[in-house]
Amino acid sequence: MEIERKYLINRLPEFIDTVGGIDYEQAYLCSEPVVRVRREGEEYWMTYKSKGLMIREEYNLPLTKESYYHLLSKADSQIIHKTRYFIPLDEKHVAELDIYHDFLSPLITCEVEFSDKEDAETFISPEWFGPEVTFDSRYQNNRLAFISREELMSLL
């Protein structure tokens, strides 16, 4: 079970240069249900996600590099490139800040995962977070992978 909230980031935290980022590449084989392939640095995954916004099922299966690139060639979507920064917020929360590249630039978002629904509902975001977009499906990566430049600019 994945429980997360998502935010737009209007300005990067001042300390972002001190946090190392990981390059991600991902694309979607199917959008209902969501089936994604992803490269995280030198790790490769296929992920299934159920319907939902804040709470949904998620299953990750490891892939070989060869399998990843074979499946990537079958993707229905544009390939998303982003750099992810893991930023500790407190003793139990980590912000996953994504700076998107290419067709999704200058979009910057941040997700925070939670242990349960109550934790998610009582979370208070730091001041450097922008507006919450958890319940706006237009900001889900499986939707962003199909977006036009004009649509993206209307979201910012």
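The values are calculated or read from the model by the stated rules, or taken from the named source; none is laboratory data. Because the structure is predicted, anything quoted here is derived from the model rather than measured. With ideal geometry, Cβ positions are generated from the backbone for all residues, glycine too; neighbour counts draw on all protein chains shown. To get the accessible areas, we keep the full protein, side chains included, count just its heavy atoms, and leave off ligands, DNA and RNA. Shrake-Rupley method; radii C 1.70, N 1.55, O 1.52, S 1.80 Å.
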Along the charge dipole of the stretch 17-156, pointing to its positive end and built from +1/-1 on Cβ of Lys, Arg, Asp and Glu, which listed residue (Thr64, Tyr85, Ser115) has its Cα farthest out? Thr64
Over the stretch 44-114, give the accessible area per residue in Å² for a 1.4 Å probe, as an integer. 51 Å²
Within the stretch 106-151, DSSP-loop GluC sites (Glu not before Pro) with at most 13 other C-beta atoms within 10 Å are Glu127
Mind giving me the nanometre distance, one decimal, between the label points for Phe146 and Leu61, set 7 Å out from Cα along Cα→Cβ? 2.2 nm
The stretch 1-70: GluC sites (Glu not before Pro) falling in loop per DSSP and having at most 16 other Cβ within 10 Å: Glu14, Glu42, Glu57
Give me the percent of accessible area attributable to carbon and sulfur for the chain, probe 1.4 angstrom. 52 percent
Starting from 0.36 nm per residue, how many nanometres of slack lie between Glu91 and Ser125 once their C-alpha separation is accounted for? 10.8 nm
Please get the size of the charge dipole for the chain, origin at its Cα centre, with Cβ charges of +1 on Lys and Arg and -1 on Asp and Glu, quoted in debye to the nearest 20. 600 debye
Computed from the mean reciprocal separation of all distinct C-alpha pairs, what Kirkwood hydrodynamic radius does the stretch 50-114 have, in Å? 14.5 Å
Difference of contour (0.36 nm per residue) and Cα-Cα distance, Asp116 to Leu156: 11.4 nm
Please go through the stretch 77-156 and write out the trypsin sites (Lys or Arg not before Pro) that DSSP classes as loop and that have at most 15 other C-beta atoms within 10 Å. Lys92
Would you report the distance distribution of C-alpha pairs in the stretch 61-156 as whole percents per 10 angstrom bin, up to the bin with the largest distance? 13, 38, 33, 15, 1
Rh (Kirkwood, all Cα-Cα pairs) for the stretch 1-148, Å, reads 15.9 Å
